[in-house]
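Asker: A single structure is presented below for examination.
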Amino acid sequence: MTDSFLWIGLTNVFSPLNLAAIIGGTMIGMLVGAMPGLSATMAIALLLPLTFSMEPETGISMLTSLYIAAMYGGSIAAILLRTPGTPAAAATVLDGYPMASRGEAGRALGLSLSASLVGGVVAAIALLTIAPLLGRIVLNFGPVEIFAVAVLGITIIGSLSAGSTILGLLAGAIGLLLGTVGMDPTTGTPRYTFGVMNLFSGIEFTVALIGLFSVPQAIRLMLHSNTDDSARVSNIRDRMLPTLKQFREILPNSLRSSMIGVLTGLIPGTGGDTASWFAYNEARRFSKDKAKFGTGHPQGIVAPEAANNAVVGGALVPTIALGIPGSSATAVLLGGLMVHGILPGPTLMTEYGDVTYTLLWAVLFANIALMVVGIFFTRLCVAVTKIPDRVVGPVIIVLSVVGSYAINNAMFDVWLMFVFGLVGFIFDRVGIPTPPLVIGLILGPILDTSLQQSLLIGQGSWLVFLQSPISAVLLAIAMLSVLQSAISAYLLGKSTSKGRTATEVSEGHE
C-alpha cells in the first residue's frame, strides 16, 4: 500500500496544475521572506483561504513550497539590509551582510541559495524515508494511543516554548479549551457557544490562524520603522552562482549543517532559528579559519542557510507521521489539510495517503523549483526590501480581512479574526508564546474524541491508558518533558537570583 501511495504522490506532483502551484508558491514565499519582519507562518495563514477552491494536493503543494522558499527569502533581507527577513535567518546576518558590504552581494545570495538547495534535498530524502517507516508503526494505534500522542504533542510544544514553561502550557491549555467550542462529537450538544449560531460548528481554524499571526505582525510593522537606509545594499553587481570548485568547498559544511537541521526539526517546538545558530557554531568549531567568521566568511553563510531549510523536512516528519506539528508553520500546514476535511493524526499516512505522499514529493520538487526560480527571481526580490513597513502593515490587514470574509462570506469571521488578532498581540506583549495555542486548537478535537472513545473502551477506567504499553511510554515521555523543563527553569531562576544578590552585596560594600 505504501509503495502505491509513493507512486501516486509522485504522479500527482508532476501534474501541470501542481507544478504551477509549486512554482507560484515558491515566488510568493521568496517575496514574503525578503520583506523584513514577515514570516512563513503568517504567509501560509494568509494564503489558506486561496486553497479552498483547489484540490487538496494542489493547495498543500503550494503552501509547502511557500514555506520552503520563505526560509531562503529571509536571507535576502539579512544579507542586503542586515535585518533577518525571517527569525531563522538571524545567523546569516553575521557573515552575509559583511560580504555584501564589500561588493559581493551576489556571491553571498548565491551561497545562500546553493546551501538552501542542499539542505532542502537532504531534508526531502530524510522525509521520504523516515515518515513512511513511522507511518507503518502508527498503523497499530487505536484511540488510547492517539490520545497519548496528542498529550505528548501539547506537552512537548508547551515545554519547549521560548520563555516560561508555565506560560507555554497555559497557551496550550487555552488552545485546548477553544478547541472544544461547538457541538460535542459524541452527544451532539452545543458547548461554549453562548447561543451564537456561528459557533455551533466550532471556531473556524483558518480565521484563528490569520488573526493570531497576521494582525500582530502588521501592528508591529506599523509601530516600528525600517532599517536605516545607510545600512542598505541596494543592488547586485557580481556573479550569483558559485563555481563548481566553490560548491565542492562548501559541500561538506552544507551536508553537516543539513543533518543538524533535520535532527533539530525532528524535535517539536525548536524551529529554524535554533538549528541555524547550532549549525553556525558547529561550522565555526570545525573550521580552520575561526577568526574569519563574522567578517564575511562563505562558510558562515552556508551553515545557517543549509540548516534552516533542512528544518522544514525534519519538522514535517512528526507532523505527518504522528499529527504533532514540529513548528508553528507546520501547524498552519496541518490547518491547510483540515480545511479540506483531512484530519491530522496517525491516519494521515493511510486514509489520506495520496495527499500525504504528494506533500512528501512536493518538498523535494519545491527545493528544485527554489533553485531555478531563485536564480532569476532573487534580483527582483531586492526591490521588495525597499518597501516601507508603514505600507506593508496596512496591506496585511486588508488581506487578512478579505481572507477571513472569503471563508464563509460572513462578517462574523472578520470580527472573530480581529479578536484573535488582539489575543495574539496581547500574548506577544506579555511574553506568552502563540504556537502552543495553535497546537491546542489542532489537538483539542483529537484529544476530546479519543478521550471519550478510550474511556468507553476502558468502561470508564482511566487505567486503560496504562494498560497499553505504547500509551504508557508516550505519557511517561510527556511527563518527563514537563518535569525536565520545570527543573531547568527553576535552576535558571535560582542562578539568576544568586547573581542578582551577589551584585547587590557588592554594591552595598561600595
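Asker: How do 349, 371, 222 stack up against each other in accessible area, from largest to smallest, with a 1.4 angstrom probe? Intermediate values should be presented prior to the final figure.
Answerer: Working: 349 10, 371 35, 222 90 Å².
Listed by decreasing accessible area, they come as 222, 371, 349.
Asker: Round to a whole angstrom and tell me the spacing of the C-alpha centers of the range 1-68 and the range 282-336.
Answerer: The range 1-68 and the range 282-336 have Cα centres spaced 19 Å from each other.
Asker: At 0.36 nm per residue, minus the direct Cα-Cα distance, what do residue 462 and residue 476 gain on full extension? Give it in nm, one decimal, please.
Answerer: This chain segment gains 3.6 nm when fully extended.
Asker: Give me the one-decimal nm value for the distance between modelled label points at residue 14 and residue 281, 7 Å along each residue's Cα-to-Cβ direction.
Answerer: Rounded to a tenth, the inter-label distance reads 4.5 nm.
Asker: Whenever you get a sec, line up 50, 334 from highest to lowest accessible area (probe 1.4 Å, protein heavy atoms). Provide the component values of the computation, followed by the final result.
Answerer: Details: 50 100, 334 0 Å².
From most exposed to least exposed: 50, 334.
Asker: What is the percent carbon and sulfur in the accessible area of the range 169-213, measuring with a 1.4 Å probe over the protein chains and ignoring ligands?
Answerer: 68 percent
Asker: Another one. Restricted to Cα positions, what overall size does the range 369-469 have along the principal axes? Three whole-Å values, descending.
Answerer: 63, 39, 33
Asker: For 312, 423, what's the largest-to-smallest order of accessible area, 1.4 Å probe?
Answerer: So, going from the largest accessible area down, we get 423, 312.
Asker: Now a separate question. Ranked from highest to lowest mean number of other Cβ atoms within 10 Å per residue, what is the order of the peptides 241-254, 200-213?
Answerer: Working: 241-254: 15.7, 200-213: 24.0.
So the peptides 241-254, 200-213, ranked by packing, come out 200-213, 241-254.
Asker: Between residue 184 and residue 483, how high is the FRET efficiency from 1/(1 + (r/R0)^6) when r is the Cβ-Cβ distance and R₀ = 30 Å? Nearest 0.05.
Answerer: E(calc), rounded to 0.05, equals 0.35.
Asker: Hey, could you grab the Kirkwood Rh for the range 354-425? Inverse mean 1/r over distinct alpha carbon pairs, Å, one decimal. Walk me through the numbers on the way to the answer.
Answerer: Values: mean 1/r = 0.0637 Å⁻¹.
Computed over Cα pairs of the range 354-425, the Kirkwood hydrodynamic radius comes out at 15.7 Å.
Asker: So, one more: Let a ≥ b ≥ c be the square roots of the eigenvalues of the Cα gyration tensor of the range 423-492; is it rounded (a/c under 1.5), or, if not, prolate (a/b larger than b/c) or oblate?
Answerer: Oblate, since a/c reaches 1.5 and b/c is not below a/b.
Asker: Follow-up. Eigenvalues of the Cα gyration tensor times 5, then square-rooted: what semi-axes does that give for the range 403-459, in whole angstrom, largest first?
Answerer: Result for the range 403-459: semi-axes of 30, 19, 7 Å.
The values are calculated or read from the model by the stated rules, or taken from the named source; none is laboratory data. Predicted model, so just to flag it, every value in this text is computed and none were measured. So basically every Cβ, Gly included, is an ideal-geometry build from the backbone, and we count neighbours across all protein chains shown. For the accessible areas, the whole protein counts, side chains as well, though only heavy atoms, and no ligand, DNA or RNA atoms are used. Shrake-Rupley method; radii C 1.70, N 1.55, O 1.52, S 1.80 Å.
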